[in-house]
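Visitor: Have a look at this one.
The values are calculated or read from the model by the stated rules, or taken from the named source; none is laboratory data. All values reported here derive from a predicted model rather than from experimental measurement. Note: ideal-geometry Cβ built from the backbone for every residue, glycine included; neighbour counts use all protein chains shown. Please note that ligands, DNA and RNA were not included when accessible areas were found on the heavy atoms of the full protein model with its side chains. Shrake-Rupley method; radii C 1.70, N 1.55, O 1.52, S 1.80 Å.
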Amino acid sequence: MSGMKGKGPIRGLRRQVIGAGIAALALGVTLPVLAQDVQIGMSSRNFQAGIANMWIGIPLGLYGPLNAETVGTQGATENLQLMLAGRLTMSTGTQDVVLNAMAEGRQMPAVAPCVYLDGLIQRLTVLPDSTAQSYNDLTGKKVGVPALASGDVQVLNFLLTHAGIDPQTVDVIAVGDKQQAAAALQSGAVDALVLTDTGLSDLQAAGVKMRELPVPDAVKDVAVGYTFAFERGWYDGHKDAAAQMLQGMIKAIIVATENPEAAARISFHMHPEALPASVSLDQAVKDAVRSLSVRAPLITRDRSKGEKWCDFSPDQWATYVDMLGLKGKVDPMKFYTNELVDKINDFDEDALRAWARSLVVPDDAAEYDKWIAGLKAPA
């Protein structure tokens with residue numbers, strides 16, 4: 001299989017673009033979309049195929065004239081820091097860090113023109129033979145999270161509170177993620193785990209037996225806004241490029257949800273290191289399709305109902321701020337803007353979906369390279 005890099009240094013062209021952006025900003029000019037390098041910051045270093053929409057748009061040519069690459073980071077905080085330092089063009093999933101900073105009186109120079117995921121991705125899981133049948137059975141129990149600084153802690157507190165449980169009665173313990181977290185549950189170090197939907201799917205595919213506790217009715221439809229964000233100075237001078245970049249990300253979501261098998265196979269060509277050591281390619285693809293399908297309902301829009309990609313209403317933001325425990329402390333509309341929504345949605349989605357369904361990805365590396373080079377996505 002062929003590989004594609006996931007990170008790299010700032011190129012000279014990138015420095016020139018930033019410099020030009022500053023000059024244009026001073027003149028009140030929006031720069032046109034040019035062939036420039038842009039970096040997509042991902043709040044993880046794990047290029048698991050279950051979130052392949054974060055990078056498959058690159059070889060598929062979905063970013064138009066932009067030369068995009070996806071960069072893995074250690075988490076949302078590093079992701080945001082690298083973006084604000086000019087080492088990433090766009091951050092993903094950094095909204096919690098930004099909103100908490102704003103609530104503390106620190107105005108972060110970041111702007112989010114797009115919410116790409118709308119819904120609760122966290123799952124509370126236990127062993128199959130656990131006596132816990134609902135959230136109410138977690139009082140006095142130990143619950144594992146990836147890290148104590150993780151946003152999962154705030155989500156857990158929100159879920160427990162709305163289930164009628166005092167979060168102070170639950171012992172929250174950092175256990176890492178993936179197999180490390182599963183080992184903590186299996187050994188009895190914790191009684192339950194907070195996992196993402198795709199993380200749970202991956203562990204179940206690896207043979208780890210777990211049972212998901214039902215989400216309380218009060219929070220089943222909670223609006224959670226995961227964002228694509230830019231450094232404000234760069235954004236103000238490059239709104240056309242930002243719209244092109246965001247449209248490319250949305251198109252990648254459409255391809256991944258319309259044809260998850262193709263997305264998984266492209267992902268494994270790009271990141272063969274993500275292939276499980278003792279699993280065949282076909283089985284790895286099958287497992288990835290399962291994860292992509294689990295995430296799909298949260299990252300799709302129904303345009304027949306008037307829904308628009310990247311849109312997130314003030315009421316939805318109010319619900320999310322409440323979930324973070326920041327009600328009355330922050331105005332999320334100082335971070336989010338919908339000014340690019342119409343431009344982002346200006347493409348032929350039906351044609352793109354039909355094209356996505358037609359994709360049949362070769363397994364052989366040489367054939368894949370030839371195949372991918374000959375593709376041309378609809379505008």
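Visitor: Answer with yes or no whether Arg357 is open to solvent by 60 Å² or more (accessible area, probe 1.4 Å) and over 20 Å from Val115 (Cβ atoms). Outline the logic, then answer.
Guide: Working: open to solvent by 60 Å² or more (accessible area, probe 1.4 Å): yes; over 20 Å from Val115 (Cβ atoms): yes.
Spelling it out, Arg357 is indeed open to solvent by 60 Å² or more (accessible area, probe 1.4 Å) and over 20 Å from Val115 (Cβ atoms).
Visitor: Condition check: surrounded by fewer than 15 Cβ atoms within 10 Å (Cβ to Cβ) and at pLDDT 95 or above. Does Ala351 satisfy that? If you could, list the steps in order and put the result at the bottom.
Guide: Details: surrounded by fewer than 15 Cβ atoms within 10 Å (Cβ to Cβ): yes; at pLDDT 95 or above: yes.
In short, yes.
Visitor: Have a look at Thr196, Thr227 and point out the one that is within 16 Å of the chain's Cα centre (by Cα) and open to solvent by 20 Å² or more (accessible area, probe 1.4 Å). Walk me through it before giving the result.
Guide: Numbers: Thr227 fails: open to solvent by 20 Å² or more (accessible area, probe 1.4 Å).
The unique qualifying residue is Thr196.
Visitor: In the range 199-220, which residue that is assigned to a helix (DSSP H, G or I) and of a type in the set (Gly, Ala, Ser) is most open to solvent (accessible area, probe 1.4 Å)?
Guide: Just the residues of the range 199-220 that are assigned to a helix (DSSP H, G or I), to begin with: 199-205, 217-219.
Among the residues that remain, those that are also of a type in the set (Gly, Ala, Ser) are: 199, 201, 205, 218.
Details: Gly199: 20, Ser201: 4, Ala205: 37, Ala218: 76 Å².
By that ranking, first place goes to Ala218.
Visitor: Here are the criteria: (1) farther than 30 Å from Val279 by Cβ; (2) assigned to a helix (DSSP H, G or I). Tell me which single one Thr227 does not satisfy.
Guide: The single condition Thr227 does not satisfy is (2).
Visitor: Restricting to the range 300-323, what's the tally of residues that are open to solvent by less than 10 Å² (accessible area, probe 1.4 Å) and in a loop (DSSP other than H, G, I, E, B)?
Guide: Matching residues across the range 300-323 total 2.
Visitor: Cβ-Cβ below 8 Å, separation at least six or inter-chain, first residue in the range 265-279 and under 16 Å from Leu292 (Cβ atoms), second in a loop (DSSP other than H, G, I, E, B) and charged (D, E, K, R): which pairs?
Guide: Once the first residue is under 16 Å from Leu292 (Cβ atoms) and sits in the range 265-279, its partners that are in a loop (DSSP other than H, G, I, E, B) and charged (D, E, K, R) give Arg265/Asp363.
Visitor: Name every residue in the range 45-91 that is modelled with pLDDT under 95 and on the phi > 0 side of the Ramachandran plot, in order of residue number.
Guide: Gly64, Gly75
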